[in-house]
Amino acid sequence: MIETTIKMTVPVEKRKEVLQTIKAILGPIRRERGCISCNCYVDLEDESVLFIDEEWKTRDDLENHLRSDHFSVLNGAMRLLHAEPEIRINTIASTAGLEAIKAAQV
């Protein structure tokens, strides 16, 4: 699994436009081949900070997404920012859930 995180600091005057753009492409991105999830979050302590988290089944799926029209729209929105976004791409070999917490608390 491939996980991507994009952290953007959006100027107040661009916030509405950027959020509308992201909202418009979330659904289409979620329907792309190989997309496990795609969500946008606002930092509770600093509303100018937005996060887009995506999970992809394979590296090929992510690369297809990076060449897609949907990513081009997102990339255009990111160009409106004063500072470059922080982008992380992580390859996940395994995951655990509640069972890991319960095992650690024994």
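Where a number appears in this text, it was derived from the coordinates with a stated rule and is not lab data. This one's a predicted model, so the numbers in the text were calculated from it and none came from an experiment. Using ideal geometry, Cβ is built from the backbone for each residue, glycine included, and neighbour counts are taken over all protein chains shown.
In this simple spin-label model, placing a label point 7 Å from the Cα along the Cα-to-Cβ direction at both Ala93 and Lys7 gives a separation of 2.5 nm.
Given the choices (i) 31, 27, 23; (ii) 50, 34, 22; (iii) 54, 31, 22, Cα extents along the principal axes in Å derived from the coordinates of this structure is entry (ii). Quick one: go through segment 1-42 and flag any residue whose amide nitrogen is under 15 Å from the point 7 Å out along the Cα-to-Cβ line of Asp69. Under cut-off, by backbone N: 24-33. Counting charges near Ser37 (Lys, Arg +1; Asp, Glu -1) among other residues having Cβ under 10 Å from its Cβ returns a value of -3. Out of Asn75, Ala24, Thr95, whose Cα points farthest toward the positive end of the dipole of the chain (charges: +1 Lys, Arg; -1 Asp, Glu; placed on Cβ)? It is Ala24, whose Cα lies furthest towards the positive end. With respect to the chain, whose longest principal axis is taken over its alpha-carbon atoms, helix 12-30 is tilted by about 50°. Put a dot 7 Å past the Cα of Asp60, heading toward its Cβ, do the same for Glu17, and the two dots end up 3.8 nm apart. From helices alone, the chain scores -12500 deg cm²/dmol at 222 nm; the rule is -39500 (n - 2.57) for each run of n ≥ 4 DSSP H residues, then divide by the residue total.
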